[in-house]
């Protein structure tokens with residue numbers, strides 16, 4: 001079962017998600033993390049830090065697991 005990440009707003013960016021999910025410690029690490037790991041959003045590869053994640057989106061990161069966005 002995917003780890004659920006609860007958001008209070010309409011969306012969060014992929015960069016913000018990495019921090020909220022405790023995958024990185026600072027927002028500045030997002031660019032590095034995205035260049036090092038393959039990230040799939042709803043089964044499509046996406047490395048854009050500004051990608052908007054909304055309620056129901058599924059994120060999969062090899063070696064880190066699966067996550068889902070809930071409101």
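Rule-based calculations on the coordinates, nothing more; no lab input. Remember, predicted model here, so these are calculated numbers, not experimental data.
Suppose we keep just the DSSP beta bridges with both residues in segment 3-70; what percent of those would be antiparallel, to 5?
Rounded to the nearest five, the antiparallel share is 75 percent.
Is the shape of segment 7-56 rounded, prolate or oblate, going by the alpha carbon gyration tensor and its root eigenvalues a ≥ b ≥ c, with a/c under 1.5 for rounded and a/b larger than b/c for prolate?
Oblate shape, in that a/c is at least 1.5 and b/c is the bigger or equal ratio.
May I ask you to compute the full-extension gain from residue 42 to residue 26, defined as 0.36 nm times their residue separation minus their alpha-carbon distance, rounded to one decimal in nm?
3.3 nm
Express in nm, to one decimal, how much length is gained between residue 55 and residue 13 on full extension, taking 0.36 nm for each residue of separation and deducting their alpha carbon distance.
13.9 nm
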